[in-house]
Structures are given as structure tokens and as C-alpha cells.
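Enquirer: Supplied in C-alpha cells, the structure appears directly below.
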Amino acid sequence: MAIKISGPYKGFFITVEATPALALARPVRETNPAFAATAYIYRHAPSGDGRGMRFDANHGRRFASISDAFLFGEAFAQERIDEIDA
């Protein structure tokens, strides 16, 4: 698992977890794992206390790399923040 913390974005902080997604794994002939993205949104600096809002950012998608999962997860979280902030 890899974690990226970013923010503030409109006063919120974002944490994105990229984890190998076994259920989304590619065929055996391919050696690179697929990754899933989970986004957490915090109104305060992330402290790891589990009080953030959790969103499954991939909805069945798989990402070829950790950086792809981070990019999508962060964009997904920013869209949710825009909805909250509206």
C-alpha cells in the first residue's frame, strides 16, 4: 500500500491510498498488479484517527500504476469536496 497526502484544497485535506487490487488483477501473463484507489477527506490535517470521510474512488476500475491511482483518487476527492462546498 502507498499513501499520498495533499491539501489543503478549499480547506480540506486529502489522503489517497493505492493498494494492489487482487479482485481487479490482470491475467497471469502480466506481472504488474492492478491498483485500487481509496480517498479520504478530512476537515483537519490527516491524523490517521479514521475520522475522515472514506470514498472508494475506483468503482471497479483498475489502475496500471500507483501514480495513476493517486491522480484519479485525488481528482475524485476534489469533486466530492466541490459537492460538499457547494
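Enquirer: As a footprinting exposure proxy, order Y9, Y40 by other Cβ within 10 Å, with the fewest listed first. Could you put the intermediate results ahead of the total?
Expert: Values: Y9 15, Y40 22.
Ascending Cβ contact count within 10 Å gives the list Y9, Y40.
Enquirer: How far, in nm, would the chain grow between R80 and S6 when pulled straight, counting 0.36 nm per residue and subtracting the alpha carbon separation? Don't jump to the answer; show the numbers that get you there.
Expert: Details: separation 74, 0.36 × 74 = 26.64 nm, distance 1.47 nm.
In short, 25.2 nm is gained.
Laboratory data are not the source of any read-out in this text; all were calculated from the coordinates shown. Predicted model, so just to flag it, every value in this text is computed and none were measured. Virtual Cβ from ideal backbone geometry, glycine too; neighbours counted across all protein chains shown.
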